[in-house]
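Undergrad: What follows is a structure written as structure tokens; I'll ask about it next.
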């Protein structure tokens, strides 16, 4: 498949839906960023991604990474493409100018990441993982640590990782065993094993700066006893030059279902020199600087999967001939009609399109709140919105992206099942998005348990008010009634459903776990409905004027109509499932689960 960046739709979301230029004016640090600069960067990224990254997507998947005695080699062309990526300045977009960054908003970087990720997700992961490590050092490192590590990480000369997971401890970080022994010189010796470390070892940079969770000898048990450390692959001298090899070694790389060109490493720390970052026993607090960035990045992967599936499916559906339309021949000059005339194929295409364009709106919307949290003034309100919407975006967009990826295979039929067309790779690469940075189930528990019930509904109420005000402002718009009426009803139902789950949980604490995933899906569909209604209003307004892009805006409204009539009714099923409570899950004893 030949990927083309959806520049017009990206511009629609950035400039017409979110009005980012006005948004940047409200954040003093970004007030100089204008539309011309944003569009220029997007176009430059599109040119690089289409011509340099996309051609390596299939070859990188087929070759994969190789491991030999601790040394990891990336596929042909990756090292050169990464170097060019850094030379063009993409590695430094959102980083502090003091350390060689461009100081641009997170939202601009998010748009660029979408383009790079859709072109070649595996390759985009190498610089992508560095962004969170950079943010962690920027926010929590000492001045000495920043001066020592940041500049070369920002420019991409060095890369970064986050080392959290251990073989016995996946999402439950409270039981990690990696140890940190204090040394007389103020450093620490880090000993332990970390698994599933994306870009944990590779040949594209001279050094890799690992951000590692570990326990001090006197640390309390559980999550309250975890500290965070900087552990470079190669020790760094006081003048910033590279010294001797540190005691961290790649024991192996995983043999995976997808993202095969991204090295997923097992890292062994054997008295490796590390440096405490942030306060002792507060590592998880510091880590969430990284995790929010990483989870938004994973939400982007769901969006890229839907976009890739839509582009590939659309190209094929216009060319592939099969049968005649039931409503009459559409291509009499051909042996059969192109399959895009069939409602079943259009259902899959429109589903992918609705999830891709709706997902783009959600991720970019989320990124504007991240801008405010990073450099704005009303950080509390923005952080609350980010806290609520991040688990929705991460879980919902990766699951719907995976659904769209499967539609891509289905549209191609048997051809979708073979490698040449790229659709099966999209499915394999996308499957991990529902797992890493917290599985769908973990994100759903976080949403319902911590962000909604844990705040007595305050975070949800903040967002519900935004939706309510939008509905009220457009209640008298007859053309918008098809969107406003169901959205207003679902917005009210969201609060009522939350209250019912709260009542269930008072009787049985397992009710939260039983409802969480269904609640996440309900929340995701309503959130996208709000954004689709807003996009439809913009399109409606443009069509009432003298726009020269009538097809673009008309298609936007028709996609919104498809979303509201064919996808949004799925919420009814989730409500019914939630209302049946926990009993159907828990009535069987453990011994009754047999095969």
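The values are calculated or read from the model by the stated rules, or taken from the named source; none is laboratory data. Because the structure is predicted, anything quoted here is derived from the model rather than measured. Backbone-built Cβ (ideal geometry, glycine too); neighbour counts: all protein chains shown.
Undergrad: Give the residues of region 456-470 that are touching a residue at least 40 places away in the same chain (Cβ under 8 Å) and either surrounded by 15 or more Cβ atoms within 10 Å (Cβ to Cβ) or touching a strand residue (DSSP E or B) at 6+ places or on another chain (Cβ under 8 Å) (or both), sorted by residue number.
TA: Those that are touching a residue at least 40 places away in the same chain (Cβ under 8 Å) and either surrounded by 15 or more Cβ atoms within 10 Å (Cβ to Cβ) or touching a strand residue (DSSP E or B) at 6+ places or on another chain (Cβ under 8 Å) (or both): 457, 459, 460, 463, 467, 470.
Undergrad: Please find, within region 274-290, the residue that is nearest to the chain's Cα centre (by Cα) out of those that are surrounded by fewer than 18 Cβ atoms within 10 Å (Cβ to Cβ) and in a helix (DSSP H, G or I).
TA: It comes out as 288.
Undergrad: How many residues does region 156-174 contain that are over 22 Å from the mean Cα position of the chain (by Cα) and touching a residue at least 24 places away in the same chain (Cβ under 8 Å)?
TA: Count: 5.
Undergrad: Of the residues that sit in region 526-553 and are under 30 Å from residue 498 (Cβ atoms) and without any contact (Cβ under 8 Å) to a residue 60 or more places away in the chain, which one is surrounded by the most Cβ atoms within 10 Å (Cβ to Cβ)?
TA: The extreme case among them is 536.
Undergrad: Another question, if that's okay. Examine region 153-161 for a residue that is buried (at least 24 other Cβ atoms within 10 Å of the Cβ), at pLDDT 95 or above and closer than 15 Å to residue 273 by Cα, and state whether such a residue exists.
TA: No: zero hits.
Undergrad: Considering each of 422, 408, 401 in turn, give the residue that is outside the structural domain of residue 528 (by TED's automatic domain parsing), in contact (Cβ under 8 Å) with a residue 60 or more places away in the chain and at positive phi.
TA: On inspection, the qualifying residue turns out to be 422.
Undergrad: Filter region 1-54 for residues that are closer than 19 Å to residue 124 by Cα and over 23 Å from the mean Cα position of the chain (by Cα) and give the result.
TA: 51
To keep it simple, each residue is scored yes or no on (1) surrounded by fewer than 17 Cβ atoms within 10 Å (Cβ to Cβ); (2) part of a loop (DSSP other than H, G, I, E, B); (3) at pLDDT below 95; (4) in the same structural domain as residue 430 (by TED's automatic domain parsing).
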{"site": "296", "(1), (2), (3), (4)": "no, no, yes, yes"}
{"site": "301", "(1), (2), (3), (4)": "no, no, no, yes"}
{"site": "325", "(1), (2), (3), (4)": "yes, yes, no, yes"}
{"site": "331", "(1), (2), (3), (4)": "yes, yes, no, yes"}
{"site": "336", "(1), (2), (3), (4)": "yes, yes, no, yes"}
{"site": "346", "(1), (2), (3), (4)": "yes, no, no, yes"}
{"site": "351", "(1), (2), (3), (4)": "no, no, no, yes"}
{"site": "361", "(1), (2), (3), (4)": "no, no, no, yes"}
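Undergrad: Can you tell me which residues in region 226-235 are part of a strand (DSSP E or B) and crowded, with 23+ Cβ neighbours inside 10 Å?
TA: Of everything in region 226-235, those that are part of a strand (DSSP E or B) and crowded, with 23+ Cβ neighbours inside 10 Å turn out to be 227, 228, 229, 230, 231, 232.
Undergrad: From the list 97, 87, 144, which one is surrounded by fewer than 21 Cβ atoms within 10 Å (Cβ to Cβ), without any contact (Cβ under 8 Å) to a residue 24 or more places away in the chain and under 24 Å from residue 27 (Cβ atoms)?
TA: 97
Undergrad: Exactly one of these conditions fails for residue 125: (1) farther than 21 Å from residue 269 by Cα; (2) surrounded by 17 or more Cβ atoms within 10 Å (Cβ to Cβ); (3) in contact with a helix residue (DSSP H, G or I) (Cβ under 7 Å, 6 or more places away or on another chain). Give me its number.
TA: So residue 125 meets the others, but not (3).
Undergrad: Let me ask something else. Restricting attention to region 472-494, report how many residues are in contact with a helix residue (DSSP H, G or I) (Cβ under 7 Å, 6 or more places away or on another chain) and free of Cβ contacts under 8 Å to residues at least 40 places away in the same chain.
TA: Residues that pass the stated criteria total 4.
Undergrad: While we're here: Could you tell me whether residue 378 is more than 15 Å from residue 438 (Cβ to Cβ), in contact with a helix residue (DSSP H, G or I) (Cβ under 9 Å, 6 or more places away or on another chain) and surrounded by 23 or more Cβ atoms within 10 Å (Cβ to Cβ)?
TA: The answer is no for residue 378.
Undergrad: Next question, about the same structure. It is to be established whether one or more residues within region 245-262 are surrounded by fewer than 20 Cβ atoms within 10 Å (Cβ to Cβ) and without any contact (Cβ under 8 Å) to a residue 24 or more places away in the chain.
TA: Among the residues of region 245-262, at least one is surrounded by fewer than 20 Cβ atoms within 10 Å (Cβ to Cβ) and without any contact (Cβ under 8 Å) to a residue 24 or more places away in the chain, which makes the answer yes.
Undergrad: Can you name every one of the helices (runs of 4 or more DSSP H) wholly within region 1-105 that holds 3 or more residues which are within 30 Å of residue 409 (Cβ to Cβ)?
TA: Output list reads 7-11, 35-48, 55-63, 78-87.
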